[in-house]
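Comments concern the structure below.
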């Protein structure tokens with residue numbers, strides 16, 4: 001059986017590990033944050049980091065970015081979505 005980290009090689013290992021070991025309440029909270037449309041991906045990741053007890057700076061440094069260093073919304077959302085699907 002492969003782990004999520006093996007199938008999601010683009011995902012930051014620390015984030016994947018935290019989501020894999022998250023409680024069902026934390027996973028539900030992460031889904032709510034991800035689906036909330038009023039905030040951007042940067043704030044979503046910041047909220048998720050808080051829920052999971054992770055250092056936001058460590059997480060954001062390893063997320064997909066454009067040439068100007070901005071976190072890519074589409075790739076990051078789909079990466080987190082795929083991880084959450086696997087643990088739900």
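Of the residues making up the range 41-68, those that are surrounded by 13 or more Cβ atoms within 10 Å (Cβ to Cβ) and outside any helix (DSSP H, G or I) are 54, 62, 63, 64, 65. Please determine whether any residue of the range 8-19 is modelled with pLDDT of 95 or more and crowded, with 18+ Cβ neighbours inside 10 Å. For the range 8-19, residues modelled with pLDDT of 95 or more and crowded, with 18+ Cβ neighbours inside 10 Å: present.
In the set (1) under 10 Å from the mean Cα position of the chain (by Cα); (2) more than 17 Å from residue 85 (Cα to Cα); (3) at pLDDT 95 or above, residue 30 fails one condition alone, (2).
Please count how many residues of the range 47-72 are out of contact with any strand residue (DSSP E or B) (no Cβ under 8 Å at 6 or more places or on another chain) and over 17 Å from residue 83 (Cα atoms). Talk me through it step by step, then tell me what you get.
Here is the first cut: in the range 47-72, the residues out of contact with any strand residue (DSSP E or B) (no Cβ under 8 Å at 6 or more places or on another chain) are 47-59, 61-62, 66-70.
Still in the running and over 17 Å from residue 83 (Cα atoms): 50, 53, 55-58, 61, 66-70.
The total comes to 12.
As a summary of the residue check, residue 41 satisfies the conditions (1) out of contact with any strand residue (DSSP E or B) (no Cβ under 8 Å at 6 or more places or on another chain); (2) touching a residue at least 24 places away in the same chain (Cβ under 8 Å) except for the one numbered (1).
The values are calculated or read from the model by the stated rules, or taken from the named source; none is laboratory data. Here the structure is a predicted model, which is why all the values come from computation and not from measurement. Note that we place each Cβ from the backbone using ideal geometry, even for glycine, and neighbour counts take in every protein chain shown.
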